[in-house]
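Undergrad: Just passing along the structure, written as C-alpha cells.
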Amino acid sequence: MTDNRKNALSAKELGRKIGSLLLDSQTARQMRQKSVPSLLIEKILDQISSPGVILLDEHLNVIYSNSALRELLGNPSQRPAWHSSLHPDDSNHLINGLTLALLDNDQFKTECRVHSLEKDEAARWLSCEAQPLNYDECGINGCLCTFTDITDHRMTNENLVQLSLYDPLTKLPNRSLLMQRLKRALLPGDVTDLALVFVDLDGFKLINDTLGREQGNQLIIKVSERINSCLEQTDMLARHGSDEFTAIIQFNEARHRAADIADQIIKAIEKPFQVDNETVCITASVGIAIAKPGISADRLLQQADVAMYNAKKHKGNAVEYHSHELTAQNRAKLLVGSHLHRALDREEFKVFYQPQLEIATNRIYGSEALLRWKNPTLGSISPGVFVPILEDRGLITQVGEWVLAEACHNQARWHREFPQAKTTVSVNVSSLQLHDRHFLTKLKNILDSSRLPPDYLVLEITETILLDEFVSQCRLLHEISALGVKIALDDFGTGYGSFSYLKKHPIDHIKIDRSFVDNLFNCEENKAITTSIIDLSHKLGKTVIAEGVDSQDELDFLMLRGCDIYQGFYTSRAIPSVEFAEKFLFNDR
C-alpha cells in the first residue's frame with residue numbers, strides 16, 4: 001500500500017480549483033439558472049488529481065464522491081451512512097469536526113481508521129482534510145473533504161518508535177524506555193514504593209565466544225523469558241545491555257518482594273538451558289536498590305548497578321542490596337582513585353620484598369616483590385584496596401612495568417653487593433600487561449638495562465590468566481620462557497586449578513594458595529589437596545612454593561610432604577629493600 005500524501009492536493013487547494021472552474025467558466029453562468037447536475041460536478045472533479053474526494057452539502061449529505069474515495073471507504077454509497085466504515089470513535093470525531101468547520105467556515109484536519117471488509121486484514125489509516133465551500137451563485141454550499149491513505153507512513157513511524165524504545169532481539173523495553181518509566185514512577189506524589197533489580201549474567205562472554213553469536217542470542221532470549229516469568233504484570237523488565245537486564249518492581253508494603261523475586265531469578269537462570277543441541281549452564285549476579293523519596297532515576301540505577309557488581313565480586317550467582325556501607329566504600333574508592341592517578345609521578349609507590357626460603361636448608365632462595373603505597377593525605381593504603389582500582393582504571397600496565405623495572409634493577413644491585421647470595425626475585429604480572437603487544441620488548445629492555453640474568457627473574461601469573469583466550473592462543477609465555485625467565489603459577493587450586501595447564505604452558509613453579517595453608521589443621525581436605533599438589537607437581541618436574549606459612553606446625557607439615565620453598569609471616573612480612581638486604585643477604589643466613 002502506498003502513501004499518496006505527496007501527490008494529493010489539500011482540501012483548500014482543491015476548493016480553490018473548483019471555485020476557479022465554477023466562477024470563470026461558461027458552465028458557471030448556466031449553473032446560476034438551474035441546479036448543478038451531478039454529472040457536471042464529476043467532470044470538474046475528474047480534472048483534479050487527488051486520491052479520495054467527497055463533496056458534502058451543509059447537512060453533510062453526499063453530493064459526490066470519486067472512485068478513489070469509494071475504494072478507500074469501501075463504497076460508502078452502499079452503507080447506511082458514508083462514514084459508517086470508520087471506527088465509531090473516529091467517525092463521531094470526524095462528524096463533529098466537519099460540523100464545526102461549516103459553522104465557523106474554517107478548515108478541519110484529522111486522522112481516522114477504516115475497518116476492512118476482510119476479517120484478517122488490519123484497519124487502515126486515512127488523513128482527512130476538510131474545506132468549507134460557499135458558492136451561492138452556483139448553488140453550492142457545503143464541505144469538500146480529501147482523504148489520503150497514510151497506513152504505510154504510520155507503520156513506519158510505529159516501527160521507528162519500536163526501534164527507539166524496544167530491544168529488537170528480546171522485544172523488551174530498552175534502556176531508554178526503562179528510564180522514561182522509572183522517571184515517571186519516581187515523580188513526587190506518584191508511587192515510590194519500588195525497587196530496581198539489576199541482573200548481569202556471569203561468564204556470558206565466554207559462552208558467546210564459544211557457541212557463537214547466534215546461539216548467544218538464543219540464550220539471551222531464553223534468559224529474558226525466564227526472568228519475565230518471575231515478575232508480575234505490574235512490574236517491568238528491560239534489556240539494559242548485552243547480557244544485562246533491569247526490572248522495576250512495585251512492592252507496596254511488601255519490601256521483601258524484591259528480594260524474593262531476585263532469588264527466583266537466580267534459581268530460574270541457574271537451571272540448564274537447551275540451545276540448539278547444546279546444554280548451557282549459566283548463573284547471574286543480581287543487585288537491588290530500594291527507591292527513597294526524592295531519589296532520581298539515574299541515581300537509583302547507579303545504586304542497583306553498584307550492588308550487582310558487589311554480588312559479582314563474590315564470584316557471582318548471588319544477590320546484594322545497595323546499602324549506605326556500600327556507598328561509603330565507593331566514595332572511599334573514588335577518593336583513593338583520585339590520588340592513585342598521580343601516585344607514580346609523585347614517587348609514592350615503593351617495592352617491598354618478602355623472603356622465600358628453602359624448606360630443607362632454611363637458606364634464602366629469593367623474594368617476592370610487592371607493591372606498597374603511602375599517600376601523604378590518606379596514609380598507607382592496603383594493596384587489596386588500590387590494586388583492583390589500578391586494574392579497573394587501566395593503570396596496572398604502567399605501574400606494573402615500573403615495579404618490574406624497579407625489582408630487576410634492585411635485584412641486579414644485590415647480586416653485585418652480595419655475590420655469595422644470588423637470589424631470585426618474583427614479580428606479579430597482570431592479564432592487562434600480557435595483553436600489551438610490546439610486553440616482550442619491554443621485558444627484554446628491562447633485563448638489558450638492569451643486567452639481571454633472566455634465570456633470576458620469576459614472573460608470577462594467576463590461573464585465571466591461563467583461561468584468557470588471548471594468552472592461551474598466543475606464544476607469549478613460551479617466548480618469555482625462551483628468554484630464560486621463570487614462570488610461576490600463583491594461587492594454584494583456588495577454583496580453576498588443572499594440571500593440564502602444566503602440560504600446555506611453560507610453568508616452572510607452582511605456588512600453593514595461602515587459603516589451603518591457613519586451614520591445614522582445621523580441614524582434612526586441605527591437607528589432602530596440599531599433599532596432592534606437591535606430589536603431582538614434583539612428578540611433572542615443577543618446584544612447589546607454599547604461601548602464607550605463619551607457624552612452625554605448618555612449616556613442619558610442608559617439610560614432611562617435601563614442599564620446596566615457603567614464604568609467610570613466620571619468617572617475615574614484606575619489608576623495604578634495605579631491611580631485606582640486612583636481614584637475609586648480608587650474612588647469607
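Undergrad: Could you list, in sequence order, all residues of region 294-312 that are surrounded by fewer than 13 Cβ atoms within 10 Å (Cβ to Cβ) and either part of a helix (DSSP H, G or I) or touching a His at 6+ places or on another chain (Cβ under 8 Å) (or both)?
TA: Taking region 294-312 first, the residues surrounded by fewer than 13 Cβ atoms within 10 Å (Cβ to Cβ) are 294, 296, 298.
Once the filter is applied, which keeps residues that are surrounded by fewer than 13 Cβ atoms within 10 Å (Cβ to Cβ) and either part of a helix (DSSP H, G or I) or touching a His at 6+ places or on another chain (Cβ under 8 Å) (or both), region 294-312 yields only D298.
Undergrad: For region 489-508, does any single residue satisfy the condition of being modelled with pLDDT of 90 or more, in the same structural domain as V425 (by TED's automatic domain parsing), touching a helix residue (DSSP H, G or I) at 6+ places or on another chain (Cβ under 6 Å) and not basic (K, R)?
TA: yes
Undergrad: Just checking, which of I265, I227, I207 is touching a Gly at 6+ places or on another chain (Cβ under 7 Å) and of a type in the set (V, I, T)?
TA: On the way: I265 fails: touching a Gly at 6+ places or on another chain (Cβ under 7 Å); I227 fails: touching a Gly at 6+ places or on another chain (Cβ under 7 Å).
When all the criteria are applied, what remains is I207.
Undergrad: Could you please find all residues in region 557-585 being surrounded by 13 or more Cβ atoms within 10 Å (Cβ to Cβ) and in a loop (DSSP other than H, G, I, E, B)?
TA: Matches in region 557-585: R561, G562, C563, D564, Q567, G568, Y570, T571, S572, A574.
Undergrad: Now for a separate question. Say whether the condition of being surrounded by fewer than 17 Cβ atoms within 10 Å (Cβ to Cβ) and either in contact with a helix residue (DSSP H, G or I) (Cβ under 8 Å, 6 or more places away or on another chain) or in a helix (DSSP H, G or I) (or both) is met by at least one residue in region 346-359. Full working, then the answer.
TA: Restricting attention to region 346-359, the residues satisfying the condition of being surrounded by fewer than 17 Cβ atoms within 10 Å (Cβ to Cβ) are 346-347, 350, 358.
Subsequent filtering for residues that are either in contact with a helix residue (DSSP H, G or I) (Cβ under 8 Å, 6 or more places away or on another chain) or in a helix (DSSP H, G or I) (or both) retains none.
No, the conditions are met nowhere in region 346-359.
Undergrad: Out of all the residues in region 304-341, which are out of contact with any helix residue (DSSP H, G or I) (no Cβ under 8 Å at 6 or more places or on another chain), modelled with pLDDT of 80 or more and either of a type in the set (D, E) or outside the structural domain of L390 (by TED's automatic domain parsing) (or both)?
TA: A304, D305, M308, Y309, A311, K312
Undergrad: Quick one: count up the residues across region 389-441 that are crowded, with 17+ Cβ neighbours inside 10 Å, aliphatic (A, V, I, L, M) and farther than 30 Å from S338 by Cβ.
TA: 3
Undergrad: For the condition surrounded by 15 or more Cβ atoms within 10 Å (Cβ to Cβ), at pLDDT 85 or above and in a loop (DSSP other than H, G, I, E, B), what is the one hit in T192, T170?
TA: T170
Undergrad: Would you confirm, using the coordinates I've provided, whether I461 is surrounded by 16 or more Cβ atoms within 10 Å (Cβ to Cβ) and either part of a loop (DSSP other than H, G, I, E, B) or at pLDDT below 90 (or both)?
TA: Values: surrounded by 16 or more Cβ atoms within 10 Å (Cβ to Cβ): yes; either part of a loop (DSSP other than H, G, I, E, B) or at pLDDT below 90 (or both): no.
In short, no.
Undergrad: Now, a different point. When only residues in region 336-381 that are small (G, A, S) and over 29 Å from M559 (Cα atoms) count, which is nearest to the chain's Cα centre (by Cα)?
TA: Narrowing region 336-381 to residues small (G, A, S): 337-338, 343, 360, 366-367, 369, 379-380.
If we keep only those that are over 29 Å from M559 (Cα atoms) as well, we get 337-338, 343, 379-380.
Numbers: G337: 23, S338: 25, A343: 31, G379: 36, S380: 35 Å.
Once the filter is applied, the top-ranked residue is G337.
Undergrad: Quick check on region 210-241: of everything there that is exposed (fewer than 14 other Cβ atoms within 10 Å of the Cβ) and not in a helix (DSSP H, G or I), which residue is nearest to the chain's Cα centre (by Cα)?
TA: So, considering only residues that are exposed (fewer than 14 other Cβ atoms within 10 Å of the Cβ) and not in a helix (DSSP H, G or I), the one nearest to the chain's Cα centre (by Cα) is G241.
Undergrad: List, please: which pairs have Cβ atoms under 8 Å, are six or more places apart or on different chains, and start with a residue in region 241-253 that is not assigned by TED's automatic domain parsing to the domain that holds N317 and end with one that is among the basic types (K, R) and modelled with pLDDT of 85 or more?
TA: Sorted first by the residue in region 241-253, then by its partner, the list stays empty.
Undergrad: Residues of region 260-293 being of a type in the set (G, A, S) and either buried (at least 18 other Cβ atoms within 10 Å of the Cβ) or more than 20 Å from G316 (Cβ to Cβ) (or both), which ones?
TA: Kept after step one, since they are of a type in the set (G, A, S), are these residues of region 260-293: 262, 268, 284-285, 287, 289, 291.
Matches in region 260-293: A262, A284, S285, G287, A289, A291.
Undergrad: Further question: Inspect all residues belonging to region 435-448 and state whether any of them is among the aliphatic types (A, V, I, L, M), within 19 Å of D508 (Cβ to Cβ) and touching a Phe, Trp or Tyr at 6+ places or on another chain (Cβ under 9 Å).
TA: Within region 435-448, none of the residues are among the aliphatic types (A, V, I, L, M), within 19 Å of D508 (Cβ to Cβ) and touching a Phe, Trp or Tyr at 6+ places or on another chain (Cβ under 9 Å).
Undergrad: Which residue is nearest to I359 (Cα to Cα), if the candidates are limited to region 521-548 and must be modelled with pLDDT under 95 and β-branched (V, I, T)?
TA: My answer is I534.
The values are calculated or read from the model by the stated rules, or taken from the named source; none is laboratory data. In this text, all values refer to a predicted model and were calculated from it rather than measured experimentally. No Cβ is skipped: glycine too gets one built from the backbone with ideal geometry, and neighbour counts run over all protein chains shown.
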